[in-house]
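Written below as structure tokens is the structure these notes are about.
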Amino acid sequence: MPTVVARLPAAKRHHFAEPLGPLFTDAESLLEAAGEPIVAIGDVVTAHLGAAGCQPTLSVVDGRTERGPIPEWVRTDRPAAAIERPVKNPAGTITAELIEAIEAGLDASEPTRIVVEGEEDLAVLPAVLLAPTGATVVYGQPGEGMIAAAVDGPTRAICRDRLDLLDHEAEFWASIR
């Protein structure tokens, strides 16, 4: 059983709707504006980046899109990763295992894919806090496109504020360094 260190209460979900960056409808435009390294959160986002010739340094996927199975093109267009790391992360939570995998993936010398059993949606927040300044964390805005979150002081502040809304264990902030 994974150690859940933070949980999103249903009553606070609306606080997470505001995007962390600009919306892009095509990967090429996003990549022109993105900093390095690139972190992809979500199967469809990872596939769109792969189809555009981008190999994210780190991708976090769960084999689902909008609560349903991913289409075959997503499997086909998703770039290969040299390292694949399975983790458990139940819906609406952040586990210690997920945080550790994000940190290890960012430190790895080869492209890494974290394969989540559960849900990867909240991975955006620790990814922004753990990625180096100048990186871009890309995630999907269902039915609209991709959000490119620049890893900088203002975006990290927003992520910390959102993480403060979660019910979290005492060790949570220590794990986000």
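If I fit a long axis through the Cα atoms of helix 153-164 and take the longest principal axis of the Cα atoms of the chain, what angle between them do I get, 0 to 90°, rounded to 10?
Helix 153-164 sits at roughly 50 degrees to that axis.
To the nearest 20 Debye, how big is the dipole of the chain about its Cα centre, given +1 on the beta carbon of each Lys and Arg and -1 on that of each Asp and Glu? Intermediate values should be presented prior to the final figure.
Working: 14 positive and 27 negative charges, 58 e Å.
Charge dipole of the chain: 280 debye, to the nearest 20.
Using a 1.4 Å probe, what is the accessible area per residue for region 1-146, in Å²?
Values: 6700 Å² over 146 residues.
Using a 1.4 Å probe on heavy atoms only, each residue of region 1-146 averages 46 Å².
Quick one: which residues, 5 or more positions from LYS88 or on another chain, have an amide H under 5 Å from its amide H? H modelled 1.01 Å from N in the peptide plane, none for Pro or chain starts.
Distant-sequence amide H within range of LYS88: GLU117.
Could you point to the residue in VAL45, HIS15, ALA34 farthest towards the positive end of the chain's charge dipole, with +1 and -1 charges on the Cβ of Lys/Arg and Asp/Glu respectively?
Looking along the dipole axis, the top candidate is HIS15.
Helix 96-107 versus the longest principal axis of the chain: what is the Cα-based angle in degrees, 0 to 90, to the nearest 10?
Roughly 40 degrees between the two axes.
Evaluate E = 1/(1 + (r/R0)^6) for ARG67 and ASP161, where r is the Cβ-Cβ distance and R0 equals 30 Å; express this FRET efficiency to the nearest 0.05.
Working: r = 27 Å, r/R0 = 0.88.
E(calc), rounded to 0.05, equals 0.70.
Between THR3 and residues 5 or more places away or on another chain, which pairs have amide H atoms under 5 Å apart, with H built 1.01 Å from N, and which residues are they?
ALA96, GLU97
Whole-Hz Karplus ³J(HN,Hα) for region 166-171, in order, using 6.51 cos²θ - 1.76 cosθ + 1.60 and θ = phi - 60°, x for Gly and Pro?
6, 6, 9, 7, 4, 7
Any idea what the dipole of region 103-177 comes to, in debye rounded to 20, about its Cα centre with Lys/Arg Cβ at +1 and Asp/Glu Cβ at -1? Kindly include the intermediate steps, with their values, before the conclusion.
Working: 5 positive and 14 negative charges, 67 e Å.
With Lys and Arg at +1 and Asp and Glu at -1, about 320 debye.
The values are calculated or read from the model by the stated rules, or taken from the named source; none is laboratory data. For clarity, every value in this text was computed on a predicted model and none was experimentally measured. Virtual Cβ from ideal backbone geometry, glycine too; neighbours counted across all protein chains shown. Surface areas here come from the heavy atoms of the whole protein model, side chains and all, with no ligands, DNA or RNA. Shrake-Rupley method; radii C 1.70, N 1.55, O 1.52, S 1.80 Å.
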